[in-house]
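First the structure, in the form of structure tokens, and then the observations on it.
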Amino acid sequence: MPDLRAPMHPRELSIQDFTYTLPEARIAQQPLAERDASKLLVYRDGRISHHVFRDLPELLPQDALLVLNDTRVVNARIVMHRSSGARIELLCLEPADGKPVELALREKGGSEWQCFIGNAKRWKDRETLTTTIDGVLLRAQRVGVERVAFSWSPGDLDFAQVLDRTGLVPLPPYMKRAATEPDKQRYNTVFAKHEGSVAAPTASLHLTRNVLEGLKRRNIDTSELTLHVGAGTFLPVSSERMSGHGMHREQVRIPLAALERIASQQGKALIVPVGTTALRTLESLYWHGVKLIQGRADEEMDIEQWEPYDQGEGELPDAARALEAVISRARKSNDQRLTGSTRLLIAPGYQFRFTDALVTNFHQPQSTLLLLVAAFVGPDWRRIYDNALGGGYRFLSYGDGSLLYRK
């Protein structure tokens, strides 16, 4: 007898079911000398094969569309010291009060941000720390539990310029080393445009100009959108059940031309996001369209983590209709684009609307990114990861990657 029970709600999932043993020696601490020399595991129709990233154009069908996240990582890690010598480390996460990150980075003279604060117990409220680097005097005052008011001189510099001079590349904590000058280039993609991320869309780090040219020669198009990646993306889930885990909000911007290109592709040829951030942005489009059709959406996108799983018994629109609602609203906006944010959680049981295959790296045990992979390929995620571990693949941000076709 087939099992006719409803699938488990993701709130009830135990994160212990999505773990594996990752030896520390397998976590890549440095990028390879050549981006596209990274290994590429391909999973299709239950079969696994092994390649390198420069083979990607030959591994995709002609007429496929690759969707890229063109965000740029900023030097969001700042090291300061109290007069006692105590080290205080700040990681700028997002502008205070929900301000768009790109606007906040253009602020001059002062800007307030939510921050992770290392050694926070040593830093008193309203105490001002200062540092002078590369001709910039930067001041930081703690004005809340995780809220920091920055000011600087010269005041004609914007905050992006201040971070570029005084900050460090925000390498993930599992890279147990200090950021170096080459990381400024290697922890960004070759097509990065819009500043605002504190973590890289790591699957795209493997792409080179040569690979992109190879895609064009095979009539494989690319389209770009922006999701500014937050530090919480790569954090393991600490609660036993997913009901206790809150997804962090990430800001999104998608030009009308990209929306129309995705719509022209949908249902006709493969749509392949490069990275989980691009995939989550694509799938968030569907739920924004649903909310528009149901009369529950504002002009800006705002997708909560449980949106797909709390729809009740009503019939949902198909992907084409939902995307047309999004495009119609974007055409009416002043800047001809969709903006907003998403907290979408993709976990086993999720029904994908826009994604046929996925290029992605190998992710941490017990992370929401591993949940997404498990949703995409099913229980075979364990076989894929075991195969990669047995095949000498390098893991996490500077590691190797995979091309996964959805069943």
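The values are calculated or read from the model by the stated rules, or taken from the named source; none is laboratory data. Worth saying up front: this structure is predicted, and the values here are computed from it rather than measured. All Cβ positions, glycine included, derive from the backbone under ideal geometry; neighbour counts span all protein chains shown.
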Subset of the stretch 356-375 (residues that are farther than 19 Å from residue 14 by Cβ and in a helix (DSSP H, G or I)): none
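Within the bounds of the stretch 397-405, is there any residue that is farther than 19 Å from residue 280 by Cα, acidic (Asp, Glu) and outside any helix (DSSP H, G or I)? Can you show your working first?
Taking the stretch 397-405 as the starting set, the residues that turn out to be farther than 19 Å from residue 280 by Cα are 398-400.
Among the residues that remain, those that are also acidic (Asp, Glu) are: 400.
Then drop every residue that is not outside any helix (DSSP H, G or I), which leaves 400.
Yes, that holds for at least one residue.
Which of the residues that make up the stretch 36-91 are within 24 Å of residue 230 (Cβ to Cβ) and among the charged types (D, E, K, R)? Working first, answer last.
Initially, the stretch 36-91 is screened for residues within 24 Å of residue 230 (Cβ to Cβ), giving 66-80, 87-91.
Of everything in the stretch 36-91, those that are within 24 Å of residue 230 (Cβ to Cβ) and among the charged types (D, E, K, R) turn out to be 70, 72, 77, 87, 89.
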Filtered residue count, the stretch 129-150, keeping only those that are of a type in the set (Ser, Thr, Tyr) and surrounded by fewer than 13 Cβ atoms within 10 Å (Cβ to Cβ): 1
Checking residue 151 against (1) over 30 Å from residue 33 (Cβ atoms); (2) in a helix (DSSP H, G or I); (3) not acidic (Asp, Glu), the condition it does not meet: (2)
Filter result for residue 378 (in the same structural domain as residue 26 (by TED's automatic domain parsing), under 29 Å from residue 12 (Cβ atoms) and at pLDDT below 95): no
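Would a scan of the stretch 273-288 turn up a residue that is surrounded by fewer than 20 Cβ atoms within 10 Å (Cβ to Cβ), in the same structural domain as residue 205 (by TED's automatic domain parsing) and either assigned to a loop (DSSP other than H, G, I, E, B) or over 20 Å from the mean Cα position of the chain (by Cα) (or both)?
The answer is no, given that none of the residues of the stretch 273-288 is surrounded by fewer than 20 Cβ atoms within 10 Å (Cβ to Cβ), in the same structural domain as residue 205 (by TED's automatic domain parsing) and either assigned to a loop (DSSP other than H, G, I, E, B) or over 20 Å from the mean Cα position of the chain (by Cα) (or both).
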Residue list for the stretch 226-245, filter: within 16 Å of the chain's Cα centre (by Cα) and either exposed (fewer than 15 other Cβ atoms within 10 Å of the Cβ) or outside any loop (DSSP other than H, G, I, E, B) (or both): 226, 227, 231, 232, 233, 234, 236
Some residue of the stretch 112-132 being of a type in the set (Gly, Ala, Ser), touching a residue at least 24 places away in the same chain (Cβ under 8 Å) and part of a loop (DSSP other than H, G, I, E, B): no
Residue within the stretch 40-48 that is out of contact with any strand residue (DSSP E or B) (no Cβ under 6 Å at 6 or more places or on another chain), in contact (Cβ under 8 Å) with a residue 24 or more places away in the chain and assigned to a loop (DSSP other than H, G, I, E, B) present: yes
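Matching residues to (1) at positive phi; (2) modelled with pLDDT under 95; (3) assigned to a strand (DSSP E or B):
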| position | (1), (2), (3) |
| --- | --- |
| 170 | no, no, no |
| 176 | no, yes, no |
| 214 | no, no, no |
| 224 | no, no, yes |
Matching residues in the stretch 284-303 - criterion: being modelled with pLDDT of 95 or more and either in contact with a Leu (Cβ under 7 Å, 6 or more places away or on another chain) or under 21 Å from residue 69 (Cβ atoms) (or both): 284, 285, 286, 287, 288, 289, 290, 301, 302, 303
Test for residue 382: is it surrounded by fewer than 17 Cβ atoms within 10 Å (Cβ to Cβ), part of a helix (DSSP H, G or I) and in contact with a helix residue (DSSP H, G or I) (Cβ under 8 Å, 6 or more places away or on another chain): no
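Kindly indicate which of 205, 138 is over 30 Å from residue 40 (Cβ atoms), at pLDDT 95 or above and outside any loop (DSSP other than H, G, I, E, B). Quick ask: steps written out before the conclusion?
Working: 205 fails: over 30 Å from residue 40 (Cβ atoms).
The conditions single out 138.
Let's see how each residue does on (1) over 15 Å from residue 391 (Cβ atoms); (2) not aliphatic (A, V, I, L, M):
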position: 22; (1), (2): no, no
position: 25; (1), (2): no, no
position: 58; (1), (2): yes, yes
position: 68; (1), (2): yes, no
position: 72; (1), (2): yes, yes
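If a residue must be more than 12 Å from the chain's Cα centre (by Cα) and over 23 Å from residue 333 (Cβ atoms), how many such residues does the stretch 248-272 contain?
Kept after step one, since they are more than 12 Å from the chain's Cα centre (by Cα), are these residues of the stretch 248-272: 253-272.
Subsequent filtering for residues that are over 23 Å from residue 333 (Cβ atoms) retains 267-272.
Count: 6.
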Members of the stretch 385-407 that are crowded, with 20+ Cβ neighbours inside 10 Å and of a type in the set (A, V, I, L, M, F, W, C): 388, 395, 396, 403, 404
Given (1) assigned to a loop (DSSP other than H, G, I, E, B); (2) free of Cβ contacts under 8 Å to residues at least 60 places away in the same chain; (3) in contact with an Asp or Glu (Cβ under 8 Å, 6 or more places away or on another chain), number of the condition residue 312 does not satisfy: (3)
Qualifying residue in the stretch 294-306 (condition: touching a residue at least 12 places away in the same chain (Cβ under 8 Å), in a helix (DSSP H, G or I) and under 23 Å from the mean Cα position of the chain (by Cα)): no
Number of the exception - residue 80 against (1) among the aliphatic types (A, V, I, L, M); (2) buried (at least 21 other Cβ atoms within 10 Å of the Cβ); (3) assigned to a strand (DSSP E or B): (2)
Those residues of the stretch 115-146 which are closer than 16 Å to residue 89 by Cβ and touching a helix residue (DSSP H, G or I) at 6+ places or on another chain (Cβ under 6 Å), in sequence order: 133, 138
